[in-house]
Amino acid sequence: MNIQPFAWGIFLSAAITVNAGERLTMAVSPVQSFAPTNLTVRVRVPSDDANRALEVSADSGEYYRSSRIQLDGKDAPRTITVEFPRLPGGAYEIRGALIDSAGHVRAFAREQMTVLPSAGDH
């Protein structure tokens, strides 16, 4: 029995704890689609004075796009939505990173999604 794919699945969907009971979590939609696709990423940000930025990226190895949103500590929205329009085909790793005022990553989350080539792509 090969456990490696199972372990990767758990690792790639993991979220790191910021403080007791609160995590950076992320929902990606769609999980699978045809190219070009519009990707919506919803990130739930724990309330904390140290939160200064949220960086969300989509990376297929051949295509990369990211967005960095400034946060105002505890006054920042709890849910942030980022859209990546017209992603081309590929297997994407979607990453979210919560960053403090010193530029250090405080928490992160990862998800996977697939954009299938459209019928006209060869």
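The values are calculated or read from the model by the stated rules, or taken from the named source; none is laboratory data. Only a predicted model underlies this, so the values are computations on that prediction, with no experimental measurement involved. Don't worry about glycine lacking a Cβ; one is built from the backbone with ideal geometry, like all the others, and counts go over all protein chains shown.
Looking across segment 30-65, the residues that are under 17 Å from Ala91 (Cβ atoms) and hydroxyl-bearing (Ser, Thr, Tyr) come down to Ser33, Thr37, Ser57, Ser60, Tyr63, Tyr64. Here Ser47, Ser33 are screened, and the one residue that is in contact (Cβ under 8 Å) with a residue 24 or more places away in the chain, among the hydroxyl-bearing types (Ser, Thr, Tyr) and not in a strand (DSSP E or B) is Ser47.
Among residues of segment 82-91 being more than 11 Å from Leu39 (Cβ to Cβ) and in a strand (DSSP E or B), the one that is nearest to the chain's Cα centre (by Cα) is Ala91. Candidates are the residues of segment 62-110 that are touching a Ser or Thr at 6+ places or on another chain (Cβ under 6 Å) and not hydrophobic (A, V, I, L, M, F, W, C); the one that is modelled with the lowest pLDDT is Lys74. Candidates in segment 92-110 are the residues that are assigned to a strand (DSSP E or B) and not hydrophobic (A, V, I, L, M, F, W, C); of these, the one that is nearest to Ala50 (Cα to Cα) is Arg106. Selection of segment 85-118 for residues being free of Cβ contacts under 8 Å to residues at least 12 places away in the same chain and of a type in the set (A, V, I, L, M, F, W, C) yields Ala102, Val105.
Consider segment 97-120 and keep the residues that are over 14 Å from Ser60 (Cα atoms) and among the β-branched types (Val, Ile, Thr). The one that is surrounded by the fewest Cβ atoms within 10 Å (Cβ to Cβ) is Val105. Exactly one residue among Ile94, Ile69 is on the phi < 0 side of the Ramachandran plot and either over 10 Å from the mean Cα position of the chain (by Cα) or surrounded by fewer than 19 Cβ atoms within 10 Å (Cβ to Cβ) (or both), and that residue is Ile69.
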